[in-house]
Structures are given as C-alpha cells and as structure tokens.
Amino acid sequence: MTAYVTADDGLLTTVRQHLEGGRVEQVGFFLADFDEAVRCFRLREWRPMPPDAFEIQTGYHVTLKDEVRPELIKWAWDAGGCLAEIHSHGMLGDACFSPSDLRGFASWVPHVRWRLRARPYLAVVADGDTFDALAWIDPSGGPVQVDRMLTDSEELRMTGLTLARGHEKDDGWA
C-alpha cells in the first residue's frame, strides 16, 4: 500500500525556492494532517531550517543541532499535527534517499513517533525536479512508499527508487 501528499501551490513554490539554496543540502519541516482512511498527508505549515540550525551542513550530509530536534517535536505536538521533512540532494539525478538518510531515519523516526504518540511521519527528498518520499504510518515501524504529491495545479510523481533499490533492507527496516 502507498500513501500520498497534498499541498497548496504557494507552499510548494516556497519550499522549492528554499531547497534550491546553493551547494549544500537544504532542509525544512512541515506540520501535516494525516487522513488514515485515504492515507493522505495534507501539508499545512512550513518551517525552513536556517544555517544556524545545523551542526553539520554539507553537499552530502546534514545534522541538526541537538536543541533544534525537540523544538520541532514540540511544534508538532502543540499543533496536534504530524511532522514531515523535506531535504535536497542538489542536482545529482533522480531523487532517492541515501544510505546515510536511511540510517538517520532508523533512529529519528521511532523517537519522533514515540514522542508524538505514534503519529505518522513523512520524509521527502528532492533532487532537481524529482522527488521520492517515504511515510511511517503503521505500527510495523517500516516505511511505505509515497507515490505522488498533488497541488492545486500539478501532480508530482515520486521516483520510488529508494524502496525499489532495496535500500531500506540495508538499514534495518526489512
């Protein structure tokens, strides 16, 4: 089974502008609502991560500062929403989460879901004009493919490369 995402055109335009921010990976988070019946994340609020939010920020890896992570969880808790992330990989080819992304998810996602009492979590990676996305929506702990993002004016198809290439098997989710 898959999931999908909806967002307003204006929100997605703002996000794309942030992700195009130079030679280093860019990151931002959304508050989202999740409709379990149709497996849909509705993105509703955006928080780009400024340069001072990172302990490490390079073209191939980012690490948020320790004090930033609980702020993000509290933001989602206070708003009664799910937390969703998006980060860029520049212009390397078709979007696919890297092995280091997946290792990070292996510790981050269970922690966030525990702190937010099992609310779903969404992760999106952008590479140029392509996207891939995974969602953690059920108790199994493993991700499911997000197959598309719908806006007011377009439908963006996810590459599906992360799960198709079996990367999650290398990182403890299979």
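The values are calculated or read from the model by the stated rules, or taken from the named source; none is laboratory data. Computed from a prediction, not measured in an experiment: that's the story for all the values here. Glycine also receives a Cβ, built like all others from the backbone with ideal geometry; neighbour counts cover every protein chain displayed.
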For A32, are the conditions met, namely being under 26 Å from D147 (Cβ atoms), assigned to a strand (DSSP E or B) and in contact with a Cys (Cβ under 6 Å, 6 or more places away or on another chain)? yes
In this structure, does L43 turn out to be within 24 Å of R165 (Cβ to Cβ), modelled with pLDDT of 95 or more, under 12 Å from the mean Cα position of the chain (by Cα) and among the aliphatic types (A, V, I, L, M)? no
For segment 107-127, how many residues are on the phi > 0 side of the Ramachandran plot and of a type in the set (G, A, S)? 1
Would you point out which residue out of L102, L92 is touching a residue at least 12 places away in the same chain (Cβ under 8 Å) and part of a loop (DSSP other than H, G, I, E, B)? L92
Could you list all residues from segment 86-123 that are of a type in the set (A, V, I, L, M, F, W, C) and touching a His at 6+ places or on another chain (Cβ under 7 Å)? A95, F97, L102
Considering only residues that are of a type in the set (G, A, S), surrounded by fewer than 19 Cβ atoms within 10 Å (Cβ to Cβ) and modelled with pLDDT under 95, which ones fall in segment 52-103? G59, G90, G93, S98, S100
Find all pairs meeting these conditions: Cβ atoms under 8 angstrom apart; at least six residues apart or on different chains; first residue within segment 125-146 and in contact (Cβ under 8 Å) with a residue 24 or more places away in the chain; second residue among the β-branched types (V, I, T) and in a loop (DSSP other than H, G, I, E, B). T130/T159; F131/T159; D132/T159; V144/T2; V144/I137; Q145/T2; V146/T2
So how many residues does segment 1-21 have that are of a type outside the set (A, V, I, L, M, F, W, C), outside any loop (DSSP other than H, G, I, E, B), under 17 Å from the mean Cα position of the chain (by Cα) and closer than 14 Å to L150 by Cα? 3
Residue pairs qualifying under the 6 Å Cβ cut-off, at least six apart or on distinct chains, with the first in segment 54-71 being without any contact (Cβ under 8 Å) to a residue 60 or more places away in the chain and the second being part of a loop (DSSP other than H, G, I, E, B), are E55/K65; Q57/V24; T58/V24; G59/R23; G59/V24; V62/E25
Residues located in segment 133-150, provided they are in a strand (DSSP E or B) and either of a type in the set (A, V, I, L, M) or crowded, with 24+ Cβ neighbours inside 10 Å (or both): A133, L134, A135, W136, V144, V146, M149, L150
Of all the residues that make up segment 151-161, how many are hydroxyl-bearing (S, T, Y) and either over 25 Å from G93 (Cβ atoms) or assigned to a strand (DSSP E or B) (or both)? 1
Name the one entry in V24, V109 that is in a loop (DSSP other than H, G, I, E, B), within 28 Å of D129 (Cβ to Cβ) and either in contact (Cβ under 8 Å) with a residue 12 or more places away in the chain or among the aromatic types (F, W, Y) (or both). V24
Of the residues in segment 1-37, those that are more than 21 Å from L116 (Cα to Cα), β-branched (V, I, T) and modelled with pLDDT of 95 or more come to T6
